[in-house]
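Below is one structure, written out as structure tokens; the observations come after it.
FYI, it's all coordinate maths here, none of it is from the lab. Since the model is a prediction, treat every value here as computed from it, not as a measurement. We place every Cβ from the backbone using ideal geometry, glycine too, and count neighbours over all the protein chains shown.
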Amino acid sequence: MEYRFTTLNEDITIEQIVTVHYFEFLKDYRFTGERHNFWEFLYVDKGTIIVCAEDQEHILKRGDIIFHKPNEWHNNIANGQIAPNVVVIAFACNSPSMRFFENRVLQIGDAEKNLMAKILREAGKAFSSRLDDPFSTFLEKRENSPFGSEQMIKISLEQMLLQLIRRHDAPTEDTRLSTSVKENSEQDILAKILSFLQQNVRSKISLDDVCAHTLFSRSYIQRLFKHQMGTSIMDYYKHLKIDEAKMMIREGKYNFTQISELLSYASIHHFSRHFKEITDMTPSEYASSVKVKI
């Protein structure tokens, strides 16, 4: 038999990565603006941010992503009320398919969010540069980084971009799945858990509450969550609470005692101990570090 090779098309190819950032901004953050000869996108993980691209102004909320094409002037500011968390990734790509993203603001789905989270995790492993340093203009490679970490960033970023284009071109593709299959898919169950945790970040819930909400057993949801997210449900919930606390500290509306009460902690001491356990800083140290950094 004579075999024949098939060359696979690459509709989007990331040639180089420039920066990978995850920023926690103050509520009055302002960036004066810039332009550069590579692609960049900004994704709002929490809060709200105002983005200007050339002469267009956009108000982006959680789940929104905006792309800046090469040499497009852009800046961004917080709205003075909500302290936003944003992901900013800059990269070089000359693929013609990237024209799809010009002058676009999109909403991303759970699949793209998971890929973005993977990019951030792998960037933390592959590079020693701090992802929250606003003055960083390049990525310093880490010695003895895990095998394949840089390629995982490239693959995940390419897949995220491809999925965004495909979802736009075929928005009804998911509806081909039957309702029963979709509701019981692992990704749907995971999304249901994540949504429940986020909605109750200021409450006090237990693993049994999560089980009651999803109608699945403790062992099943624990195994599923650990496999998909790399951590336990309640540990993830603890980190969510601290992320919420950090945002409230940056907004400056409440003192630490009020924040601990709003997040349903038993006491300010419990809150402070938990905060230091997660961030390796006290709430006061975090507040000071953010002001200095920004």
Checklist outcome for this item: Ordered by fewest other Cβ atoms within 10 Å, a rough proxy for footprinting exposure, F275, F5 read F5, F275
Checklist entry - Which FRET efficiency value, to the nearest 0.05, is calculated for H269 and K141 with the Förster distance at 35 angstrom and r the Cβ-Cβ distance? => result 0.25
Checklist entry - Distance from the Cα centre of the range 117-149 to that of the range 238-294, in angstrom? => result 26
Item to check | Projected label distance in nm at D28 and K61, using a 7 Å step from Cα toward the beta-carbon | outcome: 2.6
Checklist outcome for this item: Here the net charge surrounding L207, from other residues whose Cβ is less than 14 Å away from its Cβ (Lys, Arg +1; Asp, Glu -1), is +2
Checklist entry - If each Cα of the range 1-152 is one equal point scatterer, what is log10 of I(q)/I(0) from the Debye formula at q = 0.08, 0.11, 0.12, 0.18 Å⁻¹? => result -0.25, -0.46, -0.54, -1.17
Checklist entry - How long is the gain from R99 to Q16 if the chain were fully straight, where each residue apart is worth 0.36 nm and the alpha carbon distance is subtracted? => result 28.1 nm
Checklist entry - Can you list the lysines whose alpha carbon sits under 24 Å from that of K118, skipping same-chain ones fewer than 8 residues off? => result K46, K61, K69, K141, K154, K182, K192, K226, K238, K241, K246
Next on the checklist: Just want the ordering: W73, W39, from fewest to most Cβ atoms lying within 10 Å of their own Cβ.
Outcome noted: W73, W39
Next on the checklist: Could you compute the net charge surrounding G148? Neighbours are other residues with a C-beta less than 11 Å from the C-beta of G148; K and R count +1, D and E count -1.
Outcome noted: 0
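In a shell of Cβ-Cβ distance under 11 Å around I108, excluding I108 itself, what net charge do Lys and Arg (+1) and Asp and Glu (-1) give?
-1
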Checklist entry - What area, in nm² and to one decimal, does the C-alpha convex hull of the range 179-293 cast on average over all directions? => result 8.1
Item to check | Pairwise FRET efficiency - D209 versus Y254, Cβ, R0 = 25 Å, nearest 0.05 | outcome: 0.50
Next on the checklist: Suppose the chain between R218 and Q81 were pulled fully straight at 0.36 nm per residue; how much longer would it get relative to their current alpha carbon spacing?
Outcome noted: 45.5 nm
Checklist outcome for this item: Here the gain from full extension of D132 to Q151, 0.36 nm per residue of separation minus their alpha-carbon distance, amounts to 4.7 nm
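Taking square-rooted eigenvalues a ≥ b ≥ c of the alpha carbon gyration tensor, is the chain rounded, prolate or oblate, where a/c under 1.5 means rounded and, failing that, a/b exceeding b/c means prolate?
Oblate, since a/c reaches 1.5 and b/c is not below a/b.
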Next on the checklist: As a footprinting exposure proxy, order K61, K113 by other Cβ within 10 Å, with the fewest listed first.
Outcome noted: K61, K113
